[in-house]
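Asker: Okay, handing you the structure first.
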Amino acid sequence: MNLQERLMADLQDAMRANDGIRKDAIRMLRAAIKNAEIAAQHELDDSQVQQLVARDIKHREEAIALLRRANRPELVQVEEASIKVLQGYLPQQISREQVEQVVREVIANLDARDTSQLGSVMREAMARLKGQADGRMVNELVREYLKQ
C-alpha cells in the first residue's frame with residue numbers, strides 16, 4: 001500500500017470514528033497532494049508526498065508561533081494535534097547524535113575546513129539524511145563543526 005492509499009484508508013477511518021482533527025489534517029494534505037499533481041502533471045510518488053507532508057508540518061509550526069503571539073491557545077492545540085497526525089506519514093526521525101555522526105563523516109569526506117564550504121557540505125548531508133532529520137538542525141550542526 002503506497003502512502004496515498006494509506007492516506008485514503010486513514011481518512012475513511014477518521015470519518016467513521018468522527019475524528020475531526022485527523023479528518024481535517026488528512027483532507028488538507030490530500031488537497032495539497034492533488035494540487036501538486038496537477039502542477040506536475042503526473043502522480044506523485046511516496047517520497048514526493050513525504051516532502052509535502054514535511055512542508056505542511058513546517059507551515060503548521062510557523063502558524064503555531066503566530067497563534068501563540070496572538071494568544072490563541074485553542075487554535076495552537078488544534079495545530080499541534082494536526083502535526084502529530086501528519087508526523088505519522090513521515091519516516092522515523094533519527095537522533096541528534098546520529099545526525100552529528102553523518103555531518104562529521106560528510107565534513108571528513110569533503111575535507112571541509114571552514115564555512116565557505118557550507119553549501120557543499122549541506123548538499124551532501126541533506127542527501128544522506130533525506131526525510132530523516134530537520135534541515136535547520138543539520139544546518140546548525142554543520143555550521144558548528146565548520147567553525148571548529
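Bear in mind that the values in this text are calculations on the coordinates, not laboratory data. As the structure is a computational prediction, the values presented were derived from the model and not from experiment. Because the Cβ atoms are built from the backbone with ideal geometry, glycine has one as well, and the counts that use them run over all protein chains shown.
Asker: If the limit is 23 Å between Cα atoms, which of K58/K147; K34/K58; K58/K130 go over it? Mind showing how you got there, number by number?
Answerer: Working: K58/K147 28 Å; K34/K58 19 Å; K58/K130 15 Å.
Over 23 Å apart, Cα to Cα: K58/K147.
Asker: Further question: Angle check, please: helix 135-147 long axis (alpha carbons) against the longest principal axis of the chain (alpha carbons), in degrees 0 to 90, nearest 10.
Answerer: On a 0 to 90 degree scale, this one is about 10.
Asker: Which value results when the Cα radius of gyration for the range 96-147 is divided by 2.2 N^0.38 Å?
Answerer: The reported ratio for this selection is 0.96.
Asker: In addition: Given +1 on the Cβ of Lys and Arg, -1 on the Cβ of Asp and Glu, and no further charges, what dipole in debye does the range 3-87 carry about its Cα centre, rounded to the nearest 20? Spell out each step's value before the answer.
Answerer: Working: 14 positive and 15 negative charges, 68 e Å.
That gives a dipole near 320 debye.
Asker: Another question, if that's okay. Can you pull the semi-axes for the range 1-63, root of five times each eigenvalue of the Cα gyration tensor, sorted largest first, whole Å?
Answerer: Working: eigenvalues 77, 48, 18 Å².
The equivalent ellipsoid of the range 1-63 has semi-axes of 20, 16, 10 Å.
Asker: Let me ask something additional. Classify the chain as rounded, prolate or oblate from the Cα gyration tensor: take a ≥ b ≥ c as the square roots of its eigenvalues, call it rounded if a/c is under 1.5, otherwise prolate when a/b beats b/c and oblate if not. Can you show the working numbers first?
Answerer: Working: a/c = 2.54, a/b = 1.70, b/c = 1.50.
Prolate shape, in that a/c is at least 1.5 and a/b is the bigger ratio.
Asker: Continuing with this model, one more query. Could you check which residue among Q41, Q50, Q77 shows the biggest mean-square fluctuation in a GNM of the chain with a 10 Å Cα cutoff?
Answerer: Evaluated over the chain, the most mobile residue of the options is Q41.
Asker: Next question. Under the definition of Cα pairs under 8 Å and six or more residues apart, what whole-number percent is the relative contact order of the chain?
Answerer: Values: 109 pairs, mean separation 28.9, N = 148.
Relative contact order for the chain comes out at 20 percent.
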